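The values are calculated or read from the model by the stated rules, or taken from the named source; none is laboratory data. This one's a predicted model, so the numbers in the text were calculated from it and none came from an experiment. Cβ coordinates were reconstructed from backbone atoms using ideal geometry, including for glycine residues, and neighbour counts include every protein chain displayed. For the accessible areas, the whole protein counts, side chains as well, though only heavy atoms, and no ligand, DNA or RNA atoms are used. Shrake-Rupley method; radii C 1.70, N 1.55, O 1.52, S 1.80 Å.
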Amino acid sequence: MKGRALAILLIGVMGGTLPARATRMQDKHEQNLSWCKGSDVDLKMAGCTALINSPQETPQNLAIAYLNRGNALYENGQIDLAVQDFDQSLKNNPQSAEALCGRGTALGQKGEFDRAIADLDNALKLEPKSAKAHASRGYARSHKKEFDGAIEDYNEAIKLDANDARAFGLRASAYREKAQYDLAIQDCDQAIKLDPNDAVAYYVRGLSKQKKGDKPGGKADIAKAKELDPRVDRK
């Protein structure tokens, strides 16, 4: 029986059964890695989760998988789960500027502004030209009423990425808090030009117009903002 089993095994190897299986497994791994790194959120979640659940994955790939799944969770509004994935990404690669930026951005959305700033400071030490990290740190600083520092961050973010509607909208909000309404309106105009569905930009522009005495214009902008996002006034 032992001889027969060995013969069958040899036939399988010689005939290509085991190599074919290994090839299929490699192809599936490459597919999961491609999905995990892609732009489709559902495929990203599926591919990254498959890599995370694999018992043979390298720390490098696990760091990527947790990072990209964390980004997908963040996009879906699952902030707590996103933070958990960024934590795991950093366990596998403590020097990941992207994971630090992702976690800092998510913590800012959770209202944990000091922790957010600490992560974003570290992200910017590793990658000083990260527009996202500058914008996210500006957001946290704004919520701590550090408007001058926030505007400095937004300035740098816009310098690095002049097509980032979010950075213009956030800077507009900081200008409005400083009663610099003309500058706020200018930034909102640019944010809306880059993203016509930016509810925050419409809302901030509406508030700024009202402060300048343009009640009808302000009312129209605020109505448009609430049409785009009924919860815009709570952000």
| request: Among the residues of segment 103-162, write down those that are acidic (Asp, Glu), open to solvent by less than 20 Å² (accessible area, probe 1.4 Å) and within 23 Å of Ile64 (Cβ to Cβ). | output: Asp119
| note | Flagged pairs (Cβ under 7 angstrom, 6 or more apart or on separate chains; first in segment 213-235, touching a residue at least 12 places away in the same chain (Cβ under 8 Å); second of a type in the set (S, T, N, Q) and surrounded by 16 or more Cβ atoms within 10 Å (Cβ to Cβ)) are Gly218/Gln210
| query | If we keep just the residues of segment 53-65 that are open to solvent by less than 30 Å² (accessible area, probe 1.4 Å) and assigned to a helix (DSSP H, G or I), which is modelled with the lowest pLDDT? | reply | Asn61
| request: Tally the residues that are among the aliphatic types (A, V, I, L, M) and open to solvent by 30 Å² or more (accessible area, probe 1.4 Å), restricting the search to segment 200-221. | output: 3
| said: Which condition from (1) farther than 17 Å from Leu120 by Cα; (2) modelled with pLDDT of 80 or more is the one that Leu90 breaks? | reply: (1)
| remark: Checked Thr49, Thr23 against criteria (at pLDDT below 80 and polar (S, T, N, Q)); the one match is Thr23
| query | Just to be sure, is Ile185 modelled with pLDDT of 95 or more, open to solvent by 20 Å² or more (accessible area, probe 1.4 Å) and of a type in the set (A, V, I, L, M)? | reply | yes
| task | Scan Asn76, Asn68 and give me the residue that is farther than 14 Å from Ser136 by Cα and buried (at least 16 other Cβ atoms within 10 Å of the Cβ). | result | Asn68
